[in-house]
Every structure is written in C-alpha cells, then in structure tokens.
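Written below as structure tokens is the structure these notes are about.
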Amino acid sequence: MGRQTVPRKRAPGTVTSKRASIQSQTNTHLMWLVIIVLHCASFTKGLTPIVLPQTMTTETGKTITFQCGFTDLNTDKIHFYIMGSKVNDSVNCPGDEAKYLPKQSMKAYCSPKGNGQIASWELGGTSEDDNNTMFLCRVNHYNDTVGYLYVYANDSYYAKLIGYVIGGFLAALITVIVAYILLKRSEKAQRCFRSVGGIQDDGPR
C-alpha cells in the first residue's frame with residue numbers, strides 16, 4: 001500500500017494572526033471610507049439656496065432683477081450667467097466688483113446676506129430685445145438653476161410716450177407763440193429791438 005499523505009495542521013497562532021490581519025485591513029478601509037465621506041460632506045454642509053433664478057414675465061419699460069444666493073459657500077463661488085441677444089456676461093460672488101453696462105441698461109453685483117452671498121442681475125427699462133434672456137446659476141455640488149425673462153409689449157407705455165412727445169412739442173410751440181404776441185404788443189420791447197438793430201425812433205419834432 002502506498003503512503004497516505006496526512007494534511008498538516010496549521011498552528012493556531014497562524015490562523016489567528018491572519019484573521020487579525022484581515023480585520024485590520026478591513027478597519028483601515030472603513031476608516032478611509034469614513035474620511036472620504038466626511039471630506040465630501042464638508043463641502044456641501046450647510047450649502048442651502050437663499051434664492052434661485054425663476055422664470056419671470058414683465059412688460060416693456062419695467063425694471064426687473066434676477067438673483068441667485070447660497071449660504072456656507074466655503075471656498076466655492078456663485079457663477080451667475082446672463083445670456084441674451086443684448087449681452088453674454090457673468091458675475092462671480094463673492095469676489096467680483098459691481099458691473100455696469102449702461103448701453104444695455106444693466107448692472108450686476110454681489111451682496112452678503114448672513115453667512116451667504118447673493119449674486120444679482122438688474123435690468124432697467126426692459127425692451128422686447130430682452131425677451132428670452134436666460135439666467136443660469138452655477139455652484140459646485142449643486143444642480144444648475146435656470147430662469148428666463150419674457151417681455152411683452154405694453155401698448156399703454158408707448159401711448160404715454162407718444163403723448164409726452166406730442167405734449168412737449170405743443171407746450172414749446174404755445175410758449176413761442178405767446179412770447180411773440182407779448183413782444184409784439186410791448187412798446188419797450190420794440191424800442192429795445194430797434195436800438196439793438198441800429199434803428200432809432202426820432203419821434204415827433
């Protein structure tokens with residue numbers, strides 16, 4: 001008969017040490033996982049929106065403001081974009097100074113609010129060219145938020161504008177006519193004009 005191979009028994013200490021090694025590695029992995037989770041959570045802790053851009057509708061000639069604000073930004077910034085037919089620009093808060101765009105009647109600025117920041121785009125005297133302008137708010141670790149501006153023509157606004165122009169013209173015309181009549185009837189004014197023009201009234205001799 002052949003020799004039978006008898007399995008060698010492992011020493012109890014060897015098994016125990018391997019189990020301890022596996023458990024140690026598992027604990028290390030869990031520790032790193034907790035550190036990563038806490039590290040990621042530190043960026044989003046307290047990141048709460050104060051105000052987000054909304055789609056708004058307004059009539060021509062009005063002033064309207066779009067805002068985007070968050071608390072506890074830490075090292076992050078608010079990137080607030082405006083994209084339309086008149087302008088494509090952005091403001092970053094905190095950090096950027098106020099922007100003034102006089103040709104487009106727009107301005108952008110940052111303002112603190114508690115432990116947060118608010119980025120704003122203000123449009124003055126809206127016109128039909130501002131229709132479909134998009135406002136995009138972007139912050140790391142938060143979904144992008146978009147709002148649109150829709151502008152409709154205000155017939156009463158144009159009627160008032162035309163009325164002001166016609167009224168101003170008529171007022172100026174009436175003022176000139178009244179002044180001419182008064183000067184025509186005033187003897188002192190006529191003598192003054194004659195003396196300036198070199199014409200002297202000798203009067204009766």
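Just so you know, the Cα atoms of segment 49-152 work out to an Rg and Dmax of 13.1, 40 Å. Taking amide H positions as modeled 1.01 Å from N, with prolines and chain starts lacking one, the residues under 5 Å from S127 and 5 or more places away or on another chain are G61. Ranked by how many other Cβ atoms sit within 10 Å of their own Cβ, fewest first, the residues K113, K107 fall in the order K113, K107.
Coordinate-derived values only; no laboratory data. Just so it is clear, the structure is predicted and the values come from calculations on it, not from any experiment. Here Cβ is always computed from backbone atoms with ideal geometry, including for glycine, and neighbour counts include all displayed protein chains.
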